[in-house]
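In what follows, a single structure is set out as structure tokens and then discussed.
Just so it is clear, none of the values below were taken in a lab; they were calculated from the coordinates. All values reported here derive from a predicted model rather than from experimental measurement. Neighbour counts run over all protein chains shown; Cβ positions are idealised from the backbone, glycine included.
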Amino acid sequence: MFAIESGPAGVVIARGRLDAAQSAAAQAFLDTVRGIVALDCSGLEYISSAGLGVLLKTQKRLLGEGGKLRLTGVNRHLQDIFGYSGFDQLFEIEPAP
Amino acid sequence: MTVARAFARRFDELPALVAFTSEAFARESVDPALRPDVDFALEELFTNMVKYSPTGDAEVMIEVTGIAGGVEVRMTDFGVEPFDVTQAPDADVTLPIEARRPGGLGLHLIRRLLDSIDYEYRQDIRQSRITFRKTKGGVRPPERAADTGRR
């Protein structure tokens with residue numbers, strides 16, 4: 001299961017498993033965001049390389065428009081994935097407490 | 001003991017794959033903390049099999065076996081050309097964002113998340129077999145960005 005929605009104060013909340021089957025839905029939602037956006041990943045259990053592609057595409061677009069995507073509440077599995085893929089150099093990442 | 005199931009060569013089998021690993025981990029008493037890395041490897045390898053041999057009729061056989069401290073997974077693909085996933089080049093993850101393109105990270109990441117991954121091909125029956133292992137105390141590669149102060 002995967003869900004993505006707008007939360008309070010402009011935060012975007014992602015929950016569940018962002019895998020290849022869900023990447024089109026995630027991309028469609030993130031294509032609508034503008035400016036500096038915090039993506040709350042505290043409920044995001046899993047991300048596949050298709051999900052990484054969604055985040056990268058969104059970050060490239062937002063940076064080009066003067067905005068950016070920040071990733072918050074990032075769990076250990078996601079930290080590993082972001083570290084090994086070099087995404088920790090492309091995004092501001094706030095680990096889960 | 002081993003838990004095994006065959007999956008049709010279709011992308012929409014992914015939810016069934018996830019349900020299968022959940023069930024197999026429970027039956028083999030494998031630490032659920034290992035599931036995200038195992039699911040990541042299974043999804044990437046399975047989608048590769050579908051993407052690069054989309055016309056094959058044969059199902060992909062997946063076997064999950066509990067081992068000391070973790071799990072061994074075997075994926076067997078029948079009637080296909082060889083593709084050694086252990087030899088695919090790494091992605092350049094040091095490129096600036098302007099030069100980064102979506103894709104190409106799957107095998108790069110798998111080799112870092114797993115303890116081991118092996119590939120065998122039998123020409124006589126055109127069979128590819130990938131075997132990988134993940135354990136709780138598995139070796140982590142030294143180049144992980146988060147551990148090297150690059151952040």
Open item on the list: Using helices alone, I'd like the mean residue ellipticity at 222 nm for chain B: each DSSP H run of four-plus residues gives -39500 (n - 2.57), total over residue count, nearest 500.
Closed with: -8500 deg cm²/dmol
TODO: Post the alpha-carbon centroid distance, region B:68-94 to region A:34-79, in whole angstrom.
DONE: 27
Task: Using a Förster distance of 22 Å, the FRET efficiency for A:SER42-A:LYS68 (Cβ separation, nearest 0.05) - done: 0.70
Task: Geometric extent, Cα atoms of chain A - Rg, Dmax (angstrom) - done: 11.9, 32
Open item on the list: Is there a quick way to get the dipole size of chain A? I mean about its Cα centre, with the Cβ of Lys and Arg at +1 and of Asp and Glu at -1; what is the value in debye to the nearest 20?
Closed with: 180
- [ ] Enter the mean projected area of the convex hull around the alpha-carbon atoms of chain B, in nm², rounded to one decimal.
- [x] 10.0
Open item on the list: If I take the Cα coordinates of region B:42-115 and project them onto the principal axes, what are the three extents in Å, biggest first?
Closed with: 40, 38, 18
Task: Relative contact order of chain A, pairs being alpha-carbon contacts under 8 Å that are 6 or more residues apart, as % - done: 26
Open item on the list: Let me check against my output: what whole-number percent is the relative contact order of chain B, with C-alpha pairs under 8 Å and at least 6 apart?
Closed with: 25
Open item on the list: Taking the alpha-carbon distance from A:LYS57 and a cut-off under 16 Å, which lysines remain once sequence neighbours fewer than 8 residues away in the same chain are dropped?
Closed with: A:LYS68
- [ ] Set Lys and Arg Cβ to +1 and Asp and Glu Cβ to -1, take the dipole of the protein assembly as shown about its Cα centre, and tell me which of B:LEU107, A:VAL12, B:LEU45 lies farthest positive.
- [x] A:VAL12
Open item on the list: Along the Cα→Cβ direction, 7 angstrom out, place labels at B:PHE83 and B:TYR121. What is the inter-label distance in nm?
Closed with: 1.1
Task: Dimensions in Å of the protein assembly as shown - Rg and Dmax from alpha carbons - done: 18.2, 61
- [ ] Pick out, from A:LEU30, A:LEU78, A:CYS41, the residue whose Cα sits farthest towards the positive end of the charge dipole of chain A, with +1 on the Cβ of Lys and Arg and -1 on the Cβ of Asp and Glu.
- [x] A:LEU30
Task: Linear extension gain, B:ASP57 paired with B:ALA99, 0.36 nm per residue minus alpha-carbon span - done: 11.3 nm
- [ ] Take every DSSP beta bridge whose two residues both sit in the protein assembly as shown, then give the antiparallel share in percent to the nearest 5.
- [x] 70
Open item on the list: Please give the charge dipole size of chain B, origin at the Cα centre, charges +1 on K and R Cβ atoms and -1 on D and E Cβ atoms. Round to the nearest 20 debye.
Closed with: 360
Task: Listed peptides B:108-114, A:91-97, B:39-45, A:71-77 by packing density, highest first (mean Cβ within 10 Å) - done: B:39-45, B:108-114, A:71-77, A:91-97
- [ ] Treating only the Cβ atoms of Lys and Arg (+1) and Asp and Glu (-1) as charged, compute the dipole magnitude of the protein assembly as shown about its Cα centre; round to the nearest 20 debye.
- [x] 480
TODO: Per residue of B:32-39, count partner chain C-beta atoms within 10 Å of its C-beta, then hand back the mean as an integer.
DONE: 3
